[in-house]
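Presented below is the structure to which this report refers.
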Amino acid sequence: MSQHERITVTVNGEPVSAEVPVRMNLVDFIRSEAGFTGSHAGCEHGVCGACTVEVNGVALRGCLMLAVQADGADVITVEGLAQTNRGERLRRAFKAHNAVQCGYCTPGMLVSALEYVEGGGSADREMIRRHISGNYCRCTGYQSIVDAIAEVIEADNGT
Ligand code: FES
Ligand code: FES
């Protein structure tokens with residue numbers, strides 16, 4: 001018999017309480033209990049970055065964190081991006097630069113980009129590439145993604 005625990009996690013500003021199996025990962029909780037289906041799993045073992053979400057302001061792998069470890073935390077997913085000015089501008093910049101093709105990597109990529117931009121990241125292309133190196137994209141070749149992130153930072157810097 002699997003063990004369950006009652007937890008409350010705030011997802012995109014909405015508190016979500018549920019009794020969950022202790023082995024349920026955070027991305028499954030976000031999708032099945034909180035109903036935000038933008039985040040999704042790819043590899044399910046911490047390699048691809050598709051499941052990246054922000055937990056208390058830090059971008060983490062949703063497939064490697066248990067939902068019970070996020071009890072009491074604030075989680076932001078791709079659906080919550082529009083709640084912040086920079087998140088919304090990143091979303092628009094990705095669209096404008098055609099930084100989305102199949103879109104599988106996009107929810108995690110945008111969350112990693114938000115962490116970078118909100119953390120005062122530099123518009124230097126190499127620094128951006130280093131930050132998103134844990135998020136695999138098999139379509140774009142990354143250039144358009146890097147351009148989109150740099151554009152948002154350059155606008156903030158007035159450059
Ligand atoms: S699904 Fe989490 S890193 Fe790939
Ligand atoms: S847009 Fe297809 S994997 Fe990135």
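No other residue among Ser39, Ser133 is within 16 Å of ligand 1 (Cβ to nearest atom), of a type in the set (Ser, Thr, Tyr) and touching an Asp or Glu at 6+ places or on another chain (Cβ under 9 Å) apart from Ser39.
Arg130 meets each of the listed conditions (1) closer than 21 Å to Ala50 by Cβ; (2) surrounded by 15 or more Cβ atoms within 10 Å (Cβ to Cβ) apart from (2). Restricting region 90-111 to residues that are touching a residue at least 40 places away in the same chain (Cβ under 8 Å) and surrounded by fewer than 20 Cβ atoms within 10 Å (Cβ to Cβ), which is farthest from Ile145 (Cα to Cα)? In this case the residue turns out to be Tyr104. Here region 27-47 is the region considered, the condition is being in a helix (DSSP H, G or I) and charged (D, E, K, R), and the residue that is nearest to ligand 2 (Cβ to nearest atom) is Arg31.
Table: residues versus (1) under 26 Å from Ala34 (Cα atoms); (2) touching a Cys at 6+ places or on another chain (Cβ under 7 Å); (3) in the same structural domain as Asp28 (by TED's automatic domain parsing).
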site: Val68; (1), (2), (3): yes, no, yes
site: Ala73; (1), (2), (3): yes, no, yes
site: Glu88; (1), (2), (3): yes, no, no
site: Gln101; (1), (2), (3): no, yes, no
site: Tyr104; (1), (2), (3): yes, no, no
site: Met127; (1), (2), (3): no, no, no
site: Asn135; (1), (2), (3): yes, yes, no
site: Thr140; (1), (2), (3): no, no, no
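Would region 74-83 turn up any residue that is within 16 Å of ligand 2 (Cβ to nearest atom), touching a helix residue (DSSP H, G or I) at 6+ places or on another chain (Cβ under 9 Å) and not basic (Lys, Arg)? Yes: one or more hits.
Take the conditions away from ligand 1 (no atom under 16 Å from the Cβ), outside any loop (DSSP other than H, G, I, E, B), at pLDDT 95 or above and more than 23 Å from Gly158 (Cα to Cα) and apply them to Val68. Does it pass? Yes: the conditions hold for Val68.
Conditions tested, residue by residue: (1) assigned by TED's automatic domain parsing to the domain that holds Thr106; (2) crowded, with 23+ Cβ neighbours inside 10 Å; (3) within 15 Å of Tyr104 (Cα to Cα); (4) not aromatic (Phe, Trp, Tyr).
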site: Pro15; (1), (2), (3), (4): no, no, no, yes
site: Ala18; (1), (2), (3), (4): no, no, no, yes
site: Thr37; (1), (2), (3), (4): no, no, yes, yes
site: Ala50; (1), (2), (3), (4): no, yes, yes, yes
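The numbered conditions (1) away from ligand 2 (no atom under 16 Å from the Cβ); (2) in a helix (DSSP H, G or I); (3) not basic (Lys, Arg) are all true for Ser122 except (2). Gly46 meets the conditions (1) away from ligand 1 (no atom under 16 Å from the Cβ); (2) surrounded by fewer than 16 Cβ atoms within 10 Å (Cβ to Cβ); (3) without any contact (Cβ under 8 Å) to a residue 40 or more places away in the chain in every case but one. The failed one is (1).
The values are calculated or read from the model by the stated rules, or taken from the named source; none is laboratory data. Bear in mind the structure is a predicted one, so any value in this text is a computation, not a measurement. Cβ sites come from the backbone with ideal geometry, for glycine too, and all protein chains shown count toward neighbours.
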